[in-house]
Number of protein chains: 2
Amino acid sequence: MPSSTVEQYIKIIYTQQEHLGRSVVPMKRLSEAMGVTPGTATTMVKHLDDVKLVSYHPRQGVLLTTKGENLALRMLRRHRLIETFLEQVLGYDWSEVHTDAERLEHAVSDRFIDKLEQYLGYPDVDPHGDPIPSSSGSIESAISVPLNACGADRRVRIVRLLDDDPEFLVCMKSYLIFPGQEFILKNSSAITGTVTLEHSDTLKPVTIGYDAAGRILVSER
Amino acid sequence: MPSSTVEQYIKIIYTQQEHLGRSVVPMKRLSEAMGVTPGTATTMVKHLDDVKLVSYHPRQGVLLTTKGENLALRMLRRHRLIETFLEQVLGYDWSEVHTDAERLEHAVSDRFIDKLEQYLGYPDVDPHGDPIPSSSGSIESAISVPLNACGADRRVRIVRLLDDDPEFLVCMKSYLIFPGQEFILKNSSAITGTVTLEHSDTLKPVTIGYDAAGRILVSER
DNA sequence: GCTACGTATTTGACTAGTCAAAATATAGTA
DNA sequence: TACTATATTTTGACTAGTCAAATACGTAGC
């Protein structure tokens, strides 16, 4: 049974790997994401390699094994189901959800998670639009593109926000930018580095920066 | 912020103190209830004394301070609200509830517990009939007496079961002995060491041992 | 080919919690 | 009072996870 520290490392390595386009995660990156010193990360990663959860490439970085990936998906499943519960059932605010879920996910049993999933009606995405892995470990995300890669004058529907930062999320929510909402993409300029949207119901215009738009996935229609 | 180990010790000391009629808890008792060696318990208790959660009387035992009692009540509150949730909302079986609650109670925030309490509709007892302390730390139990201290031919209502052992609970449940159920006390004999009950609806008779009956609290009517 | 800089690793030390086993105190009994 | 059984405490050692600081690589630029 992996300790909650191990679980946390594996989850972070998974998300960093995703972030980096499936290549090795360097120690600096990992240690920063974990909030520990680089030496600590090295020590831990060697241990993770011993138990075959990652493959460690000295002086280069680390990569999840299949076993590690399975654990990561189990953690993601827990995290996302718990987030959904906190938001939809207990009425948490978006900004509060993440920290509490982070602590709970290491304390729940498989039985708990399976019953919770049933109670929530088998949702396939969490409140941020992140897909929830099934109990067998399969995960499928809806077809979507980053908002900064869309053509102008398109009608788009927000699918997912790729960020856990509460500040970012609260800000986006205040612009009604959250999964399910629809907008018209008025303008997207690489030169000014901005994207302008208009909410399809309220017609209220919003302008956001290019890199923020990169963290917003939408489906075009 | 106390560690979950500290939280666990404090909770156990509280319940042992209750069990023992508010006198000092000896190390042997504590170490057995915690599942650690006596030496470990001594070391820990000294530390708990340092941080003023207990007062440690060498070679005699340990007693909670007011600070320790407050922490114990906060833990009991968490435990009982979580148990209620697992049983009533997620549909856990009585026998499964305890272990999962034990792990969760150290991982939840005060915000979580307060929202959960609200969601559950501010229950005042958990599924075993144990009273749930309020967020301010007050606790009040319904008037009740142990079943083995009742006179015969009385109509009694089960109020509370003073035991966490899943086996005991499942067995009692199979006899319909759980909070809210009503029985007629047919016979109570100190000589044979048995108590015989008859369920007031089904009229089915049940005979249980004297010490088991001591762990069943009822209200007479 | 050499140097400098940034990243990675190693080392030694620390904390919390634990155990096994030796040492000590207490209380009951003869 | 002396002895014994039992509870308690002490000691030394171990694990998981961490940090700070010294050290070692590797590569980009000269």
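Results, tabulated for the structure shown:
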quantity	calculated
Candidate lysines - alpha carbon under 24 Å from residue A:186, same-chain residues fewer than 8 apart omitted	A:173, A:204
Relative contact order of the stretch A:145-220, pairs being alpha-carbon contacts under 8 Å that are 6 or more residues apart, as %	44 percent
Inter-copy label distances at residue B:5 (7 Å, Cα→Cβ; nm, one decimal)	1.2
Once the Cα gyration tensor of the stretch A:158-221 is diagonalised, semi-axes √(5λ) in Å	16, 15, 11
Lysine-lysine proximity count for the stretch B:1-159, Cα under 16 Å, sequence distance 8 or more or distinct chains	5
Heavy atoms of residue A:51 accessible to a 1.4 Å probe, total area in Å² rounded to 10	60 Å²
Percent accessible area from carbon and sulfur atoms, the stretch A:133-189, protein chains only, probe 1.4 Å	50 percent
Chain B, relative contact order in percent, only Cα pairs under 8 angstrom and at least six apart counted	15 percent
The stretch A:148-188 - Debye-derived log10 I(q)/I(0), Cα point model, q = 0.14, 0.15, 0.35 Å⁻¹	-0.33, -0.38, -1.15
Label spacing, shortest first and in nm, from residue A:187 to its equivalents in the remaining copies (7 angstrom along Cα→Cβ)	9.3
Burial of 20 Å² or greater, the stretch B:90-105 residues [accessible area, probe 1.4 Å, versus chain by itself]	B:90, B:92, B:96, B:100, B:103, B:104
Coarse-grained scattering of chain A at q = 0.15, 0.16, 0.17 Å⁻¹, given as base-10 log I(q)/I(0) from a Debye sum over alpha-carbon atoms	-1.05, -1.14, -1.22
Semi-axis lengths (Å, descending) of the ellipsoid that matches the C-alpha gyration tensor of the stretch A:74-141	17, 13, 11
Nearest-to-axis residue of chain B, judged by beta-carbon position, where the axis maps B onto A, in Å	B:107, 2
Kirkwood-Stokes translational diffusion coefficient of the protein assembly as shown, alpha-carbon pairs, 4 °C, 1.567 mPa s, µm²/s	51 µm²/s
Theoretical FRET efficiency, 1/(1+(r/R0)^6), r = Cβ-Cβ of residue B:28 and residue A:109, R0 30 Å, to 0.05	0.45
Candidates B:77, B:157, B:29: whichever shows maximal mean-square fluctuation once chain B is modelled as a Gaussian network with Cα springs under 10 Å	B:29
Förster radius 56 Å - calculated FRET efficiency between residue B:204 and residue A:57 (Cβ-Cβ, nearest 0.05)	0.25
Nm distances between copies for residue B:119, ranked from closest, using label points 7 Å along Cα→Cβ	0.6
Cut-off 20 Å (backbone N to label point 7 Å along Cα→Cβ of residue A:184), residues of the stretch A:198-213	A:198-208
Mean accessible surface per residue for the stretch B:1-135, computed with a 1.4 Å probe while every protein chain stays in place, in Å²	46 Å²
Label-point separation, residue B:1 to residue B:93 (7 Å along Cα→Cβ), nm	3.6 nm
Size of electric dipole in the stretch B:145-220: Cβ of Lys, Arg +1 and of Asp, Glu -1, about Cα centre, debye, nearest 20	200 debye
Within the accessible area of the stretch A:1-94 (1.4 Å probe), percent carbon and sulfur	51 percent
Rounded accessible area of residue B:176 (nearest 10 Å², 1.4 Å probe)	60 Å²
Summed buried accessible area for B+A [probe radius 1.4 Å, Å², rounded to 100]	1800 Å²
Candidate residues B:11, A:204: accessible-area rank, largest first, probe 1.4 Å	A:204, B:11
Probe 1.4 Å, all protein chains present, accessible-area order of A:202, A:65, B:84, largest first	A:202, A:65, B:84
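The values are calculated or read from the model by the stated rules, or taken from the named source; none is laboratory data. All values reported here derive from a predicted model rather than from experimental measurement. All Cβ positions, glycine included, derive from the backbone under ideal geometry; neighbour counts span all protein chains shown. Surface areas here come from the heavy atoms of the whole protein model, side chains and all, with no ligands, DNA or RNA. Shrake-Rupley method; radii C 1.70, N 1.55, O 1.52, S 1.80 Å.
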